[in-house]
1. Taking a threshold of 27 Å on the Cα-Cα distance, which of the pairs LYS95/LYS455; LYS206/LYS455; LYS2/LYS175 fall above it?
2. What fraction of the DSSP beta bridges in the chain is antiparallel, stated in percent and rounded to the nearest 5?
3. Based solely on C-alpha atoms, express the radius of gyration and the Dmax of the stretch 317-439 in angstrom.
4. Given contacts defined as C-alpha pairs under 8 Å and at least six residues apart, what's the relative contact order of the chain, whole-number percent?
5. Fully extended, how many nm does the chain gain between ASP350 and ILE255 (0.36 nm per residue separation, minus their Cα-Cα distance)?
6. Read through the labelled values (i) -0.68, -0.73, -0.78; (ii) -0.64, -0.75, -0.85; (iii) -0.48, -0.61, -0.76 and report the label of the one computed as log10 I(q)/I(0) by the Debye sum over Cα atoms at q = 0.07, 0.08, 0.09 Å⁻¹ from the structure.
7. State, in angstrom, two size descriptors of the stretch 457-504 derived from its alpha carbons: Rg to one decimal place and Dmax to the nearest whole number.
8. Report the one residue of LEU537, PRO33, LEU88 whose Cα lies farthest in the direction of the positive end of the charge dipole of the chain (charges on C-beta: Lys and Arg +1, Asp and Glu -1; origin at the Cα centre).
Amino acid sequence: MKRILKYIRPFYFYIAVTMLIKFTGTIMELMIPRLLEIMIDGAVPDKNRGLILLIGGAMLFCAIICVAANIIANRMSAKSAGGITLKLRYDLFDKIDRLSARQMDEITVPSAISRLTSDTYNVNQLLARMQRLGIRGPILLVGGIVITLFMDVKLALIMIATLPVIAGVVYFVTKVSVPMYTKQQGILDNAVRVVQENITGIRVVKALCKTEYEKERFHRVNETLCETERKVGSVTAITNPASSLILNLALTAIILFGAVSVNNGDVKPGVILSFQSYFTMILNAMLGVTRIFIMWTKGEASANRIADVLELEEQLAVEEMSGGDGDEDAAIEFRNVGFSYNGIVNNLSDISFKLKKGETLGILGPTGSGKTTLVNLLLRFYDTDEGSIYIDGKNIKSIPYEQLRKKFGVVFQNDFVMEGSLKNNIRYFRNINDQSIYKAAVNAQAYFIDEKEGKMDYEAAVRGNNLSGGQKQRLFIARALADDPEILILDDASSALDYRTDAMLRRAVAENYPDAAKIVIAHRISSVMNADLIMVLDEGKIIGLGNHSELIENCEMYRNIAKTQMNLTGVEKGG
């Protein structure tokens, strides 16, 4: 909890007021048994009706103040805990959003989700209940002991003797359960991952008749999670029964000893009655304190997981660059770029090329050759291990994120459709007017929009389930074109389009976005053959770089792809 203390500091005064109100209510609660003793041993034997009514009124007043104070304090604690959690969750989301893709690979998406949800919930519950039980429990415990010592030392000592035993039980449970809760949250991450994969790929699962397999896979991870929860529960479950047993044994001893004392005339009946009330308070307070320790262990484990993310250093910070500027005439320049996802096997090696404004770079290569990795580096989702990347002559590490990524219009392989109108899907919360949105849709060949009921206001379902694959791709392309980007990246963006629509799209982009530098990643020769520069990648290395005619002559892989996809003579004429 110390690692997220800064989120609590702004609420110190508010929490202090909450605790003061809770303190007042608890003191009132402590007064009631004492007043009961005075009434039974003093006012009742004297048959003093006025004093009985006065003491009864005082007891009623204390009860009302106690209830009111507890209600107010509980509401205030919920408000402060909510405010702290709101800020904590926002900063955690913001931090995750600013982490590099490499850091997200290490954390994993399911773990990030569980930290944003279940871990922040655990912290919220700890903060709220600490303000409730954290004041009331200790005050009832200490206050009850002090009052009972004044009432009868011998009876009080019997009760006090049990407290160290209970403290030992709580210490054992706390020490054992903290690492167990941490492990439990890690297993929960795996459960979230399995559920996320299953729900996201539900159509594939059903198409391949793997429903039973996925059920079994979820059953295994769920069983592991339940077994871990059972072990944690079996440890923490020791606390309350053990504490109750010890305290009830002490209560039995006190009642027996008290009965003998009353019979001998050493203690008055009101003292025993009041003592029982205080003992019940102390019992509940002690159990409350043990619950605080249990909540603390769970909350601390979650707080540490949150702090682990918040304390990560940003790997993609904007850097001051001196010297070594790139070619200012080049919209994009890669200079001896090398990169590896795992630090062992190079995914890209010695990548160098230049692309001027208005030019098009086509990229071809087999699966896993590094095509998408090149885009990830250009957008600075990852930093290069070797070499440098320049945009308009500036090293991308020196360009603030907002400025850098506003230059791009990108269509990814696995893009997404959000639930909402087609217009809002294209605009995607950017300040783009309707005219630009319509222009982008026309250039993206998204004429299907005019056939939809409501046209631009037609509501897309979750993940675009009411749109075909080709319609979704054209929607993504319109989104990329809508903000008139300086650099347009189409990562296998026309795979679901027929050849005619693909050709019309390329022609529209070339005519209407002449100043934009374009990168087209494709598997079709027809999609890149008219590019100013074509790059052929294999195992992260450039094995061909030139225009279509040059590669037909000099690059065997390109020539083989061309032969496979179309008549070579026709390709050469088309080039």
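The values are calculated or read from the model by the stated rules, or taken from the named source; none is laboratory data. Quantities reported herein were computed from a predicted structural model and do not represent experimental measurements. All Cβ positions, even for glycine, are placed from backbone atoms using ideal geometry, and neighbour counts span all protein chains on display. Side chains included, ligands, DNA and RNA excluded: accessible areas come from the protein's heavy atoms. Shrake-Rupley method; radii C 1.70, N 1.55, O 1.52, S 1.80 Å.
1. Violating the 27 Å limit, Cα to Cα: LYS95/LYS455; LYS206/LYS455.
2. Antiparallel bridges make up about 55 percent of those DSSP assigns within the chain.
3. In order Rg, Dmax, the Cα atoms of the stretch 317-439 give 16.5, 49 Å.
4. Answer for the chain is 14 percent.
5. Roughly 25.6 nm would be gained on extension.
6. The listed entry that was calculated here is (ii).
7. For the stretch 457-504, the Cα-based Rg and Dmax read 11.8, 32 Å.
8. Farthest towards the positive end: PRO33.
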